[in-house]
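**Q** Provided herewith is a single structure, encoded as structure tokens, for subsequent inquiry.
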Amino acid sequence: MKEYKLVCTESMRVDKYVAGSGEINLSRSAAALLIDEGKVTVNGKTVNKKYKLSINDVIDICIPDPVPYEAKAENIPLDIVYEDDDLLVVNKPKGMVVHPAAGNYNGTLVNALLYHCGDSLSGINGVLRPGIVHRIDKDTSGLLIVAKNDFAHTHLAEQIKNHSFTREYQAIAVGNIKDENGTVDAPIGRNPNDRKKMCVTSKNSKNAVTHYSVIARYKGYTHIKCVLETGRTHQIRVHMAYIGHPISGDKVYGLKSEKVDFEGQCLHAGKIGFIHPATNEYLEFNADLPAYFKKYLQKLSNISN
């Protein structure tokens, strides 16, 4: 474990100041993570990453020793929708974790990608998340784009940042959504009462916008399409729960009393579109609804008729 003590010489956000310290050499996101985990204090007190420092504030930083782990290649079948020298588009099944983390070091999409691609993956996100430009939750199925080199990764990440990246989902929402279409524009941040959950909040949050439209209506449920304008953690799940229509099967943000015959939320990333980093051509891909989703729609149709 390494410990550092800094004395503020310029008034600015604490995450920016810590990241800008040449002595520590952290990225802005790494500094923010340390702050969120309570490993950074200002004048002896924990703060949030947006806290504005004053000159002569004393900042104590504790950096844990790195975990000696590197993702290993595993021969896991992949549903590859598209692949070239710069990137690939993968249709991830429900139940597969995207990258290794505590409790899930094997059987992830990254483990499968390392076997398929070898060393041909972007290194921007480090040894545990090589090639991963964006992610979807374990129990969300659908399309993900993976970068094979840093050039492609940088360009794709910039498109996501500028909201020019097409991401369209299908979901089953609980209840009868009144309007045929609508937009949820509500900022999302960590739930102050449970750090593993997100929530709509004005504190320590980022703007989040989800557009939705009705595909079909069933007794007690609505089949919807959701288009992301931003890409926050758990965005669709949080936004739909926020307006009173959580995603069916969602054990975190959904109805505790709901009984379904599948694991996790009924949410599928069915369309993805982007400008190819090398050719500047717009590419768009679609993934059919998975079997569990189709089976559930049929069940709802039978109940409603």
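The values are calculated or read from the model by the stated rules, or taken from the named source; none is laboratory data. Computed from a prediction, not measured in an experiment: that's the story for all the values here. Glycine gets a Cβ as well: all are built from the backbone with ideal geometry, and neighbour counts include every protein chain shown. When the accessible area is computed, the model is the full protein with side chains, heavy atoms only, and any ligands, DNA or RNA have been set aside. Shrake-Rupley method; radii C 1.70, N 1.55, O 1.52, S 1.80 Å.
**Q** Check Arg13: other-chain or 5+ apart residues with amide H under 5 Å from its amide H, H built from backbone geometry?
**A** Leu53
**Q** Rounded to two decimals, what ratio of Rg to Rh does the range 1-144 give with C-alpha atoms and a Kirkwood Rh?
**A** 1.09
**Q** For Ile160, what charge total do you get from the other residues with a beta carbon under 12 Å from its beta carbon, if Lys and Arg give +1 and Asp and Glu give -1?
**A** Details: positive: Arg135, Lys161, Arg167, Arg232; negative: Glu158, Glu229.
So the surrounding residues net to +2.
**Q** Could you list the square roots of 5 times each eigenvalue of the Cα gyration tensor of the range 118-255, that is, the equivalent ellipsoid semi-axes, sorted largest first and rounded to whole Å?
**A** Working: eigenvalues 165, 58, 41 Å².
The three semi-axes for the range 118-255 are 29, 17, 14 Å.
**Q** Roughly how many whole Å is it from the C-alpha centroid of the range 188-237 to that of the range 58-123?
**A** Centre-to-centre distance over Cα atoms comes out at 25 Å.
**Q** Give the whole-number value, in cubic angstrom per residue, of the convex hull volume spanned by the C-alpha atoms of the chain.
**A** Working: hull volume 45.2 nm³, N = 305.
Value for the chain: 148 Å³ per residue.
**Q** May I pose another question? Hey, what's the Kirkwood Rh for the range 16-65 if you take every pair of different alpha carbons, in angstrom?
**A** Working: mean 1/r = 0.0916 Å⁻¹.
Over the range 16-65, the inverse of the mean reciprocal pair distance is 10.9 Å.
**Q** Another one. Find me the longest stretch of the chain that has none of the exposed GluC sites (Glu not before Pro), where exposed means in a DSSP loop (not H, G, I, E or B) with at most 12 other Cβ atoms within 10 Å.
**A** Between exposed loop sites, the widest span is 71-179.
**Q** At a 1.4 Å probe, what is the % contribution of carbon and sulfur to the accessible area of the chain?
**A** Values: 7640 of 15690 Å².
On the chain, the fraction of accessible area on carbon and sulfur atoms equals 49 percent.
**Q** Please go through the range 164-196 and write out the trypsin sites (Lys or Arg not before Pro) that DSSP classes as loop and that have at most 16 other C-beta atoms within 10 Å.
**A** Lys178
**Q** What's the percent breakdown of Cα-Cα distances in the range 165-213 across 5 Å bins, shortest bin first?
**A** 5, 17, 20, 19, 20, 15, 3
**Q** Send over the Kirkwood Rh of the range 207-305, from the inverse of the averaged 1/r over different Cα pairs, rounded to one decimal Å. Numbers along the way, then the final one.
**A** Numbers: mean 1/r = 0.0660 Å⁻¹.
Kirkwood radius, the range 207-305: 15.2 Å.
**Q** Compute, for the range 89-162, the length of the dipole vector about the Cα centre, with Cβ point charges of +1 (Lys, Arg) and -1 (Asp, Glu) only. Units Debye, rounded to 20.
**A** Charge dipole, the range 89-162, about its Cα centre: 140 debye, nearest 20.
**Q** With +1 on the Cβ of every Lys and Arg and -1 on the Cβ of every Asp and Glu, and nothing else charged, how large is the dipole of the range 140-289 about its Cα centre, in debye rounded to the nearest 20? List each step's numbers first, then the result.
**A** On the way: 19 positive and 15 negative charges, 138 e Å.
Roughly 660 debye, rounded to the nearest 20.
**Q** Where does the range 30-89 land on Rg(C-alpha)/(2.2 N^0.38 Å)?
**A** Computed over Cα atoms of the range 30-89, the ratio equals 1.93.
**Q** Considering only Cα-Cα distances, which of the following residue pairs are longer than 18 Å: Lys16/Lys39; Lys178/Lys295; Lys161/Lys206?
**A** Working: Lys16/Lys39 15 Å; Lys178/Lys295 25 Å; Lys161/Lys206 12 Å.
Flagged as over cut-off: Lys178/Lys295.
**Q** Got a sec? Charge dipole of the chain, +1 on Cβ for Lys and Arg, -1 for Asp and Glu; which of Asn91, Pro187, Thr230 is way out at the positive end?
**A** Pro187
**Q** Along the Cα→Cβ direction, 7 angstrom out, place labels at Asn104 and Lys259. What is the inter-label distance in nm?
**A** Using points 7 Å along Cα→Cβ, the separation is 2.8 nm.
**Q** Which three extents, in whole angstrom, do the alpha-carbon atoms of the range 73-151 cover along their principal axes, largest first?
**A** 30, 24, 22
**Q** Moving on to the next point. So what is the 222 nm mean residue ellipticity for the chain from helices alone, if each DSSP H run of at least 4 adds -39500 (n - 2.57) and you divide by all residues, rounding to the nearest 500 deg cm²/dmol? Intermediate values should be presented prior to the final figure.
**A** Numbers: 6 runs with 58 residues, N = 305.
Estimated from H runs of four or more residues: -5500 deg cm²/dmol.
**Q** Once the piece of chain linking Lys219 and Lys16 is laid out straight, how much longer is it, given 0.36 nm per residue of separation minus the C-alpha distance between them? Show your work: numbers first, answer last.
**A** Details: separation 203, 0.36 × 203 = 73.08 nm, distance 5.04 nm.
Gain on extension, Lys219 to Lys16, equals 68.0 nm.
**Q** Okay, next question. Relative to the Cα centre, what is the charge dipole magnitude of the chain, using +1 at the beta carbon of each Lys and Arg, -1 at the beta carbon of each Asp and Glu, and rounding to the nearest 20 debye?
**A** Details: 38 positive and 34 negative charges, 272 e Å.
Using only the charged Cβ atoms, the result is roughly 1300 debye.
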